[in-house]
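The structure under discussion appears below in the form of structure tokens.
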Amino acid sequence: MIEDELNKIWQSSSNQERIKFEKSKLMIELQSSLKRLDRWWNYLELSETILAVFGVFLSIFLFFKIPFILTKVALALMIICAVYLIVKYRGVKKFKPSDLEMNYLNYLKKNREYLQAQKKFLRTYVYWGILPVYPIMLLFSISVWEKAPMYLIIPINVAAIGIGIYGYLLNKLRAKKEIDPRIVRINELINGLEQ
């Protein structure tokens with residue numbers, strides 16, 4: 001009964017009211033989608049930060065336990081790299097808009113800017129996640145080459161390369177599947193509001 005009445009109201013409404021309803025429906029769906037993405041990003045940032053902090057503490061511990069100079073240099077560089085990654089993750093947050101934007105159009109534009117910053121961050125993983133780490137791993141491997149058994153050195157380096165490739169492919173997929181569709185929806189809403 002209620003559905004029939006709603007259908008009658010819907011059919012009797014003007015096209016302009018239907019368009020307004022569709023826009024508000026799109027806005028609500030987009031808002032929900034952006035909140036889910038923000039929770040995902042916070043989880044990603046938290047897990048990466050925890051791993052980097054763990055890496056810093058492990059590197060500090062090993063720095064004082066391993067007597068080789070070249071290893072100490074590699075560990076010091078790893079600490080610097082981990083701190084850099086923490087700062088880099090936190091840097092994306094400066095683009096996040098507040099929910100208290102005065103104008104919904106400005107809010108959408110700032111969300112688009114935030115999503116584009118996340119996309120750029122994920123797509124440039126090679127430059128901030130792989131290129132700084134692999135030379136440090138190589139330096140570390142060279143420093144312990146004759147002191148540690150091969151059955152430890154080779155798997156560690158293979159695992160580091162595998163994790164780097166996996167991270168690169170995963171970040172590329174995340175940008176394509178999670179962020180690109182939201183940018184497209186925001187652009188559609190912005191175009192609809194600007195008309």
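The criterion of being modelled with pLDDT of 85 or more, open to solvent by 20 Å² or more (accessible area, probe 1.4 Å) and either in a helix (DSSP H, G or I) or not polar (S, T, N, Q) (or both) holds for ILE142.
Across region 35-48, the qualifying residues are those that are in contact (Cβ under 8 Å) with a residue 24 or more places away in the chain and open to solvent by 20 Å² or more (accessible area, probe 1.4 Å), and the one among them that is nearest to ALA74 (Cα to Cα) is GLU48. Looking only at residues in region 148-162 that are of a type in the set (Val, Ile, Thr) and surrounded by 11 or more Cβ atoms within 10 Å (Cβ to Cβ), the one that is nearest to PRO132 (Cα to Cα) is ILE161.
Within the option set LYS119, LYS109, LYS72, LYS96, being modelled with pLDDT under 85 and surrounded by 13 or more Cβ atoms within 10 Å (Cβ to Cβ) holds for one residue only, LYS96.
The values are calculated or read from the model by the stated rules, or taken from the named source; none is laboratory data. From a predicted model like this one, the values you see are computed outputs, not experimental measurements. When we count neighbours, we look across all protein chains shown, and the Cβ atoms used for this are built from the backbone with ideal geometry, even at glycine. Heads up: the accessible areas ignore ligands, DNA and RNA and are worked out on the full protein's heavy atoms, side chains in. Shrake-Rupley method; radii C 1.70, N 1.55, O 1.52, S 1.80 Å.
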